[in-house]
Number of protein chains: 2
Amino acid sequence: MAIMRDIAELHEPEALARLVSYRIRLVQIAAYKTFEARVSGHGSAPRYYGMLKLIEANPGVPQARLAEAIFLDRSSLVPILQELEREGWLERRAAPQDKRVRRVFLTPEGAGWLVALERDVEEHEARLTAGLSAEDLDTLHGLLLRLDDNLRDVQAGRV
Amino acid sequence: MAIMRDIAELHEPEALARLVSYRIRLVQIAAYKTFEARVSGHGSAPRYYGMLKLIEANPGVPQARLAEAIFLDRSSLVPILQELEREGWLERRAAPQDKRVRRVFLTPEGAGWLVALERDVEEHEARLTAGLSAEDLDTLHGLLLRLDDNLRDVQAGRV
DNA sequence: TATTGTTATACTCTATAACTATA
DNA sequence: TATAGTTATAGAGTATAACAATA
């Protein structure tokens with residue numbers, strides 16, 4: 001191939017273009033940056049939207065279970081929860097049955113703020129998936145879940 | 001909802017489960033960790049596989065164009081290129097036409113190592129997409145490209 | 001004036017190891 | 001012995017601001 005002149009767009013080789021792992025990585029990076037650029041005024045919560053929804057759906061989850069669910073080390077979760085607690089999103093309560101455990105709950109305020117944050121998330125999702133029919137979305141979800149299953153097999157050492 | 005007991009798996013609320021952005025993020029994080037755990041002995045190159053393939057397909061690309069292509073600031077790319085150059089993967093040559101520019105090329109050794117690395121990438125890709133037919137893959141690529149297009153519209157301010 | 005590459009610097013995110021208290 | 005939460009610490013990875021050289 002000739003040495004490139006200073007063209008605007010780089011050529012994307014077919015060896016990259018046909019990799020699902022490559023395309024997913026690029027889409028995820030771009031989607032995350034677009035989302036972070038979009039939301040503001042919610043403190044540090046937007047990037048933890050998924051975790052906050054998990055807490056909402058699993059009130060009283062122990063920190064260690066939460067860390068596992070989002071693929072973080074227990075110790076990495078501590079400062080995140082401390083900040084969100086300081087901002088009033090959540091609270092932690094000692095578990096009387098097992099004094100080692102601190103159970104995590106959304107505060108009523110946090111639950112309310114989450115509704116507003118959810119609107120931003122839904123708008124971002126709508127931008128991301130614009131033009132896709134309900135059937136397209138079902139297909140996409142189904143295929144992504146199959147990738148997810150495959151990865152769990154790898155992580156569990158089943159492959 | 002009742003306060004959770006210490007169950008193994010957290011409940012994933014429907015509001016999360018139907019978000020393409022959420023599922024893609026989880027798949028990407030898991031796929032990246034699986035890949036990094038898989039490859040070793042290639043120095044720091046595996047995480048820059050995509051960039052190295054771009055350099056291979058666009059020999060002599062200026063650093064600034066490369067940074068744009070992978071959504072990095074020019075300054076963030078500098079230490080990455082310095083390390084890969086030190087490891088022998090690539091070289092940078094001053095551009096006679098424009099003395100500000102340094103053009104990036106794979107070394108012959110780097111091109112050879114990339115073949116070996118590519119085998120690991122392909123194996124990882126095969127694990128990730130196991131069970132998907134050629135038609136499934138076409139469908140998935142098509143849908144991901146439509147997400148990619150939507151994000152470019154957002155970034156370009158067209159939406 | 002604008003662009004390219006670079007450096008200095010700081011910030012975010014994460015993991016590891018070690019600790020305590022509990023089980 | 002094992003687990004839950006915490007702290008101290010270090011290492012990636014990134015961006016911003018400022019700079020010199022060049023266009």
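The values are calculated or read from the model by the stated rules, or taken from the named source; none is laboratory data. All values reported here derive from a predicted model rather than from experimental measurement. Cβ atoms come from the backbone with ideal geometry, glycine included; neighbour counts cover every protein chain shown. For accessibility, only protein heavy atoms count, side chains too; no ligands or nucleic acids. Shrake-Rupley method; radii C 1.70, N 1.55, O 1.52, S 1.80 Å.
B:A95 meets each of the listed conditions (1) touching a strand residue (DSSP E or B) at 6+ places or on another chain (Cβ under 9 Å); (2) buried (at least 16 other Cβ atoms within 10 Å of the Cβ); (3) at pLDDT 95 or above apart from (2).
Picking from residues in the range A:127-137 that are surrounded by 11 or more Cβ atoms within 10 Å (Cβ to Cβ) and part of a helix (DSSP H, G or I), the one that is farthest from DNA strand C (Cβ to nearest atom) is A:D136.
Hey, could you check the range B:25-62 for residues that are among the polar types (S, T, N, Q) and facing chain A (nearest Cβ under 7 Å) and say which is farthest from the chain's Cα centre (by Cα)?
The residue in question is B:N58.
Being among the hydrophobic types (A, V, I, L, M, F, W, C), more than 29 Å from A:V39 (Cα to Cα) and within 7 Å of chain B (Cβ to nearest Cβ) narrows it down to one residue among A:V101, A:V159; which is it? Working first, answer last.
Values: A:V101 fails: within 7 Å of chain B (Cβ to nearest Cβ).
Going through A:V101, A:V159 in turn, just one is among the hydrophobic types (A, V, I, L, M, F, W, C), more than 29 Å from A:V39 (Cα to Cα) and within 7 Å of chain B (Cβ to nearest Cβ): A:V159.
Test A:L52 against the stated conditions and say whether it is closer than 25 Å to A:E123 by Cα, surrounded by 21 or more Cβ atoms within 10 Å (Cβ to Cβ) and modelled with pLDDT of 95 or more. Step through it out loud before you land on a result.
On the way: closer than 25 Å to A:E123 by Cα: yes; surrounded by 21 or more Cβ atoms within 10 Å (Cβ to Cβ): yes; modelled with pLDDT of 95 or more: yes.
Considered against the rule, which asks whether it is closer than 25 Å to A:E123 by Cα, surrounded by 21 or more Cβ atoms within 10 Å (Cβ to Cβ) and modelled with pLDDT of 95 or more, A:L52 comes out as yes.
Would you say A:V78 is over 20 Å from B:E9 (Cβ atoms), β-branched (V, I, T), under 18 Å from the mean Cα position of the chain (by Cα) and at the interface with chain B (Cβ under 9 Å from one of its Cβ atoms)? It is false that A:V78 is over 20 Å from B:E9 (Cβ atoms), β-branched (V, I, T), under 18 Å from the mean Cα position of the chain (by Cα) and at the interface with chain B (Cβ under 9 Å from one of its Cβ atoms). The residues listed here are B:E87, B:E14, B:E68; of these, the one that is away from DNA strand D (no atom under 13 Å from the Cβ) and more than 7 Å from every other protein chain (Cβ to nearest Cβ) is B:E14. Taking the listed residues B:Q82, B:Q97, the one that is under 25 Å from A:I29 (Cα atoms), within 14 Å of DNA strand D (Cβ to nearest atom) and polar (S, T, N, Q) is B:Q82, with no other qualifying. Does B:Y32 count as open to solvent by 50 Å² or more (accessible area, probe 1.4 Å) and either in contact with a Phe, Trp or Tyr (Cβ under 9 Å, 6 or more places away or on another chain) or hydroxyl-bearing (S, T, Y) (or both)? Spelling it out, B:Y32 is indeed open to solvent by 50 Å² or more (accessible area, probe 1.4 Å) and either in contact with a Phe, Trp or Tyr (Cβ under 9 Å, 6 or more places away or on another chain) or hydroxyl-bearing (S, T, Y) (or both).
Of everything in the range B:11-41, what is within 18 Å of A:V154 (Cα to Cα) and assigned to a loop (DSSP other than H, G, I, E, B)? Give them in sequence order.
Our first condition is that a residue be within 18 Å of A:V154 (Cα to Cα); within the range B:11-41, this holds for B:23-40.
Matches in the range B:11-41: B:V39, B:S40.
A count restricted to the range B:55-85 and to residues that are out of contact with any Leu (no Cβ under 6 Å at 6 or more places or on another chain), in a helix (DSSP H, G or I) and away from DNA strand C (no atom under 12 Å from the Cβ) stands at 1.
In the range A:87-114, the qualifying residues are those that are in a helix (DSSP H, G or I) and over 17 Å from the mean Cα position of the chain (by Cα), and the one that is farthest from DNA strand C (Cβ to nearest atom) is A:P108.
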